[in-house]
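The values are calculated or read from the model by the stated rules, or taken from the named source; none is laboratory data. Source: prediction; values computed, not measured. Here Cβ is always computed from backbone atoms with ideal geometry, including for glycine, and neighbour counts include all displayed protein chains.
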Amino acid sequence: MINAIAALNLFDDADIPEREAFGEIEGVMVAAGRYRNRPAIQIRSDYYGFIWVTLPQAVMDNFGSEHSVSDIWRGKTLVAYGKLSYAKGGSLKSVDVINVREKVFADPIDLDSILDPEFTFGLDPSEYLDQLHEGRLA
């Protein structure tokens, strides 16, 4: 069954034309340099793989003053918003950036420190939800 589904090719990649769209991609910064003679960074996206992200002067000045080469070695996660250029077949070629920001992850939560064993008044979760939905809990 799985092989039969995998054999179905509903889209012929050759039929997908080159195109441009606006959006954002997220990935880990892996390199800084030039792409097509323009300042750029390369990020590795889980979905798109390795993508060059070109930086206009204003973004480069701001981005460059806030980051250093060591950010590449640390594997900082970035979100790049701009014009996405897709090749024929649908693969992403590059991104002309309008804005780049670092993705900030929330600190892990220690569940034991916030756990309240009396939250359900000693009821099991099913009983608690039944009474809550019936309006018997204040």
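The table below gives the values:
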{"read-out": "Every residue from the range 75-106 that is modelled with pLDDT of 85 or more and not in a strand (DSSP E or B)", "value": "87, 88, 89, 90, 91, 103"}
{"read-out": "Tally of residues being surrounded by fewer than 16 Cβ atoms within 10 Å (Cβ to Cβ), over 14 Å from the mean Cα position of the chain (by Cα) and in a strand (DSSP E or B) across the range 27-44", "value": "5"}
{"read-out": "Single unsatisfied condition, residue 118 versus (1) surrounded by 11 or more Cβ atoms within 10 Å (Cβ to Cβ); (2) among the acidic types (Asp, Glu); (3) closer than 30 Å to residue 137 by Cα", "value": "(1)"}
{"read-out": "Residue that is modelled with the highest pLDDT, among those in the range 107-136 that are assigned to a helix (DSSP H, G or I) and small (Gly, Ala, Ser)", "value": "126"}
{"read-out": "Residue in the range 86-103 that is surrounded by the fewest Cβ atoms within 10 Å (Cβ to Cβ), counting only those that are touching a Lys or Arg at 6+ places or on another chain (Cβ under 7 Å) and not aliphatic (A, V, I, L, M)", "value": "102"}
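For every residue, the table says whether it meets (1) in contact with a Ser or Thr (Cβ under 7 Å, 6 or more places away or on another chain); (2) surrounded by 17 or more Cβ atoms within 10 Å (Cβ to Cβ); (3) under 12 Å from residue 100 (Cα atoms).
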| site | (1), (2), (3) |
| --- | --- |
| 46 | no, no, no |
| 55 | no, yes, yes |
| 60 | no, yes, yes |
| 65 | no, no, no |
| 69 | no, no, no |
| 79 | no, no, yes |
